[in-house]
Amino acid sequence: MKNYKIMLVAVIAFIGLTFGVMVLADNGNDFGRYFISGSDFGIDVAKNVVGESRHEFNNGFSGDFSYGQIKALEVLGGIFNISIEPVEIYNITKNDSSAGKVSGKRGGGDGGRVYLPSDKTPWGIQKMYNNPDIISTSGGLGVDVAVLDTGVYKGHLDLSRRIGQCKDFTGRVAVKDGSCDDKNGHGTHVAGTILADGGTDNLGIYGMAPEAKLFAYKVCGNSGSCWADDIAVAIRTAADNGAEIISMSLGSNTQNSLIIDAISYAIGKDVLIVAAAGNDGPVLGSIDYPGANVNVVAVGAIDINENVPNWSSRGINNNDYIIEEREVEFGAPGVAVESTWIGGNYNTISGTSMATPHIAGLAAKLWRGSVSTRSYLQSIARDILPVGDDPATGFGLPFVQ
C-alpha cells in the first residue's frame, strides 16, 4: 500500500509537470497566486505537482504558480479533491486624489534630527484628545499594536524606541524576521499616528499612545498592494505573538476566506482589530473588507470641521447602534493628517488609512481588553452629523475623556 501511494504520487507529479511544461510553452512565465486546499491526500498530490508552497494553512497552502501548474491541478482536482482559489490583492486606503506634501521643516536639535514636524500634536491628535492646546500625549504602556502595512522606517527618531517586532511577509522568504523596510511611506505614517513618541529630544511628533510598542508587519509591497495570504499569516502571527491590537489601513471590495479565518483566530485570542472603511464613498455599502467584517472595527474619515469627505466609504448602518456586517463603526480624523514619513521626515496625506490609526491608538491608550475596549469606545463616542448610527461615522467620534 505504501509503495502504491508513492508510485501514485509520482505519476501525478509527472502528469502535473507535463501539463506545466506544455502550457508554459504556449503562455510563457505567466504566474499567479493561489490557495490550494482539499483532503490531506489531495494536498499531498497538489504539492507534488506545483512544488514549493509559500504559506501553510490548516486546510491547504498558498503559492505563486504558473498557469500550466494550475491547469494541471484543475484536471486532477475532481479526482483527488483539490480546490483552487485565486488569492485576492488588497490595497492601502490612502486617498490618491489628495496628494501628500512632505511637511518636515529643516532644523532640529541633538541626536541627529534633520526634520521637524509642522505641528508636534497635529489637529487629529488634538481632536481625539479633545484639547486644542495639548503639547504632548501619553498612554499605551504594556500594549502591543501590530500595524499591517507597507512596513515602517525604523530609523525615524519618533518611532525608533517604539519598535517591538519587525517582520516582512512579502519577500521570497515567507516570513523574514528583522526586516520591515518601508519604501512607500504609508506604513510609517500610520504607525506615527498610533504611537510616535516625539523622540528623545521631544521635538518630534506625537501619536495617540506614545508608550505602546509597535509590531511592524510588512504585508504590502512598495506600490501599496497586499496579497491576502500574506495578510492572513500576519494576523495570525500578531495574535500568536501577543499583540493586543491589529491596525490595517488596507482594503478590498471582496472578502477572502484566509483573512476571515485569521480574523476569527485573532478574535479568539482577545485581539482588537481595527481597519479602514475605504475610499469608495459616498455610495451606501461601499465599505471595504476587512473593515466590513462584523468582528472588525471599521473607521471612516472626517475633516477638521467634522465633515465627512465624499470619498470616505459608507456602510449600510440602520441606526440601531448594533454593529453588523458592512457597517461603519466610527469616524476619525482622516483629511490632511500630518505624521511620520520615510527618511525621518513628515508628510500630510488623507484617507481612511489616516483615520484608522487614530482609533487604534485611542484603543491602545484606553486598553481594557478587546471586547471591553470596543464597547467603551462606542459608549464615549460623540455623535457626528447626520444624527444617529449613520453609514458614514457610525457611533461617531470617540475621544479621550
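Applying the criterion of being touching a helix residue (DSSP H, G or I) at 6+ places or on another chain (Cβ under 9 Å) and small (Gly, Ala, Ser) to the residues of segment 146-186, the residue that is surrounded by the fewest Cβ atoms within 10 Å (Cβ to Cβ) is Gly155.
One residue alone among Val271, Val294 is of a type in the set (Val, Ile, Thr) and closer than 30 Å to Gly155 by Cα, and that residue is Val271.
Filtering segment 267-288 to residues that are buried (at least 24 other Cβ atoms within 10 Å of the Cβ) and free of Cβ contacts under 8 Å to residues at least 60 places away in the same chain leaves Ile273, Ile287.
A single entry from Gly38, Gly107 fulfils the requirement of being surrounded by 14 or more Cβ atoms within 10 Å (Cβ to Cβ), at pLDDT below 95, touching a strand residue (DSSP E or B) at 6+ places or on another chain (Cβ under 7 Å) and on the phi > 0 side of the Ramachandran plot: Gly38.
Every test in (1) surrounded by fewer than 24 Cβ atoms within 10 Å (Cβ to Cβ); (2) of a type outside the set (A, V, I, L, M, F, W, C); (3) touching a helix residue (DSSP H, G or I) at 6+ places or on another chain (Cβ under 7 Å) is passed by Ser339 save one, and that test is (1).
Taking the numbered list (1) at pLDDT below 95; (2) surrounded by 21 or more Cβ atoms within 10 Å (Cβ to Cβ) in turn, Leu385 passes all entries but (2).
State all residues of segment 112-139 that are surrounded by 14 or more Cβ atoms within 10 Å (Cβ to Cβ) and either basic (Lys, Arg) or over 27 Å from the mean Cα position of the chain (by Cα) (or both); if no residue qualifies, say none. Within segment 112-139, Arg113, Tyr115, Leu116, Lys120, Lys127, Asn131, Ile134 meet the criteria.
On the given criteria, is Asn305 touching a residue at least 60 places away in the same chain (Cβ under 8 Å) and assigned by TED's automatic domain parsing to the domain that holds Glu329? Against the criterion (touching a residue at least 60 places away in the same chain (Cβ under 8 Å) and assigned by TED's automatic domain parsing to the domain that holds Glu329), Asn305 does not qualify.
In segment 56-76, the qualifying residues are those that are of a type outside the set (D, E, K, R) and either in a strand (DSSP E or B) or in the same structural domain as Ile231 (by TED's automatic domain parsing) (or both), and the one that is nearest to Asp229 (Cα to Cα) is Ser62.
Ala292 - would you say it is within 18 Å of Val147 (Cβ to Cβ) and aliphatic (A, V, I, L, M)? Walk me through it before giving the result.
On the way: within 18 Å of Val147 (Cβ to Cβ): no; aliphatic (A, V, I, L, M): yes.
Judged against the criteria, Ala292 is not a match.
With respect to the conditions (1) closer than 16 Å to Gly187 by Cα; (2) out of contact with any helix residue (DSSP H, G or I) (no Cβ under 7 Å at 6 or more places or on another chain); (3) among the aliphatic types (A, V, I, L, M), Val233 lacks only one, and its number is (1).
Is there a residue in segment 314-323 that is at pLDDT 95 or above, buried (at least 22 other Cβ atoms within 10 Å of the Cβ), in contact with a helix residue (DSSP H, G or I) (Cβ under 9 Å, 6 or more places away or on another chain) and polar (S, T, N, Q)? Checking segment 314-323: not a single residue is at pLDDT 95 or above, buried (at least 22 other Cβ atoms within 10 Å of the Cβ), in contact with a helix residue (DSSP H, G or I) (Cβ under 9 Å, 6 or more places away or on another chain) and polar (S, T, N, Q). For segment 325-340, the set of residues classified as farther than 20 Å from Asp197 by Cα and of a type in the set (A, V, I, L, M, F, W, C) consists of Val328, Phe330, Ala332, Val335, Ala336, listed by residue number. The set of residues in segment 215-232 being farther than 16 Å from Asn295 by Cβ and crowded, with 24+ Cβ neighbours inside 10 Å consists of Phe215, Ala216, Tyr217, Lys218, Val219, Cys220, Cys226, Trp227, Ala228, Asp229, Asp230.
Yes or no, residue by residue, for (1) at pLDDT 95 or above; (2) under 23 Å from Ile259 (Cα atoms); (3) touching a strand residue (DSSP E or B) at 6+ places or on another chain (Cβ under 9 Å):
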{"position": "Gly142", "(1), (2), (3)": "yes, no, yes"}
{"position": "Tyr153", "(1), (2), (3)": "yes, no, yes"}
{"position": "Gln165", "(1), (2), (3)": "yes, yes, yes"}
{"position": "Arg172", "(1), (2), (3)": "no, yes, no"}
{"position": "Val190", "(1), (2), (3)": "yes, yes, yes"}
{"position": "Gly198", "(1), (2), (3)": "yes, no, yes"}
{"position": "Ile235", "(1), (2), (3)": "yes, yes, yes"}
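Note on segment 316-363: residues that are among the small types (Gly, Ala, Ser) and either out of contact with any strand residue (DSSP E or B) (no Cβ under 7 Å at 6 or more places or on another chain) or closer than 22 Å to Cys180 by Cα (or both) amount to 6.
Among the residues making up segment 120-145, those that are touching a helix residue (DSSP H, G or I) at 6+ places or on another chain (Cβ under 6 Å) and under 25 Å from Gly369 (Cβ atoms) are Met128, Gly139, Gly140, Val143, Val145.
The values are calculated or read from the model by the stated rules, or taken from the named source; none is laboratory data. What you are looking at is a predicted structure, and each value in this text was computed from that prediction instead of being measured. Positions of Cβ are generated from backbone atoms using ideal geometry, with glycine treated the same way; all protein chains shown enter the neighbour counts.
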